[in-house]
Each structure stands twice: as structure tokens, then as C-alpha cells.
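Presented below is the structure to which this report refers.
The values are calculated or read from the model by the stated rules, or taken from the named source; none is laboratory data. Nothing here was measured: the structure is a model prediction, and the numbers come from that model. Cβ: placed from backbone, ideal geometry, glycine included. Neighbour counts: every protein chain shown. The area values use the complete protein model at the heavy-atom level, side chains included, leaving out ligands, DNA and RNA. Shrake-Rupley method; radii C 1.70, N 1.55, O 1.52, S 1.80 Å.
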Amino acid sequence: MTKPPDPARRSERSRQAILDATRELVSEVGYAKLSIEAIAARAGVGKQTIYRWWRSKGAVVFDAFLALSDSGEGMALPDTGDIEADLKVVMRATVAEFADPAFEAPIRALNMEIINDPDLAVQYREKLAGPVDEAKKDRLRSAQRAGQIAADADLDLALELLYAPLYQRWLLRSGPLTPAYADALVDLTLKALRPPV
């Protein structure tokens, strides 16, 4: 006796195919030329299936990107006890990711949607940016407890000091994204955050 198909498994398979197709197409044709019809065709589903789960092309792109970042576990930055070394590992990985064409196309598309869609901006902050920032601040708090960062340092501002120059360089394509650049950002940020001697 054969079991009837499991609709939940089929739905998850369709959902994953849609997310995969979205990432592939954004990288291949760019956000402007991406369409729900093309995603549906690549994923082997009907357009109505996509619209059942997502209200817009931007929402699909966001979820496709979010799925790449979702490890299923709580995220944490490395904590070897050396804040400088740990931040350099993280910033070098971030620079490498932003310089990777496979990452760049979907994240640029997502940024365009966030600028134009306030609801998507809220989702981005709640589901991705907020949790990632909390993990970063947890590591900075550990450095504060160890006396490596001033106890009264504003950790939100510290993250902006560290990441905003990288984001601006990437966004405006104003310079190379290299390990040396990542290290320089860490050095300058820590110079500002170290406790007074």
C-alpha cells in the first residue's frame, strides 16, 4: 500500500526551490530584470504558489537572502579572549562576503527594496539585522568585562564605527574590499573604544 503524498513535504520542497531560483536569478539577471514569472518557471511552480507565501518580489528576495543566513542555531562571534584578533577574523570574513559576486547581487537587490519598502525594512531589522547586531554586541560586552573596551562605550555606536565605512565603500564602490582594509577598520575602531590609560 502506497502512502499518499505529504503536502507539507511538497510545500517545503516548493518553497526551497523558489528561494534557490530567486538567488540564482538575482545573480544572473539582476534585480531589475527579476520577475515572479521567471522565479516560478525556474522553480517549477505556479505564480500563485509564490504569491501565496510572499506579497512582492522584494519579499521573496529578502527570504532568499535570510535563508542563506539562517543556521538554525543562535549566532555568536568568536571569543578567544582577544577582541582585536576576534574582530579581525569577523571583519575579514565580512569583507570577503561583500566582495563575493554571488553575495553582492542579492544583497544589493535587498538594499534597494529596503530603501523603498518600509515594511520590508522593519522585517529586515527584526529578522536579520537585529539578531546579528545583538551577537556582535554580546562579543563587545565580553570585551568590556575583560577590560579591553571602555566600560561606558556605546555599543550601538561602536558597531556603526566598525561597519558603516565598510558598508559605504561597498555601496558606493569607492575602494577595494581587502583583508588589510578590514584590519584597518578594526584598528581604528578599537583605538576609539579602548579604556583610558
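So what is the accessible area of the chain per residue, in Å², with the probe set to 1.4 Å?
Each residue of the chain exposes 58 Å² on average to a 1.4 Å probe.
Taking the Cα centre as origin and putting +1 on Lys and Arg beta-carbons and -1 on Asp and Glu beta-carbons, what dipole magnitude results for the chain, to the nearest 20 debye?
Rounded to the nearest 20 debye, it is 680 debye.
Output the 0 to 90 degree angle, nearest 10, between the alpha-carbon long axis of helix 7-29 and the longest principal axis computed from the alpha carbons of the chain.
70
Pop out the carbon and sulfur fraction of the accessible area of region 22-107 as a percent, whole number, probe 1.4 Å.
Of the solvent-accessible surface of region 22-107, carbon and sulfur hold 52 percent.
Charges on Cβ only, +1 for Lys and Arg, -1 for Asp and Glu, centred on the Cα centroid of the chain; of 101, 197, 78, which one is farthest towards the dipole's positive end?
Checked the options; the winner is 101.
Between residue 99 and residue 56, what FRET efficiency follows from the Cβ-Cβ distance if R0 is 35 Å, with the result rounded to 0.05?
Efficiency at R0 = 35 Å is approximately 0.75.
For every helix of n ≥ 4 consecutive DSSP H residues, a contribution of -39,500 (n - 2.57) applies; sum these over the chain, divide by its total residues, and give [θ] at 222 nm rounded to the nearest 500 deg cm²/dmol.
-23000 deg cm²/dmol
Please give the Cα centre distance for region 165-197 versus region 111-150, rounded to the nearest Å.
Answer, in whole Å: 17.
Which one, 135, 53, 90, is farthest towards the positive end of the dipole of the chain when Lys and Arg carry +1 and Asp and Glu -1 on their Cβ?
53
Multiplying the sequence separation of residue 197 and residue 76 by 0.36 nm and subtracting their Cα-Cα distance, what value in nm do you get?
40.6 nm
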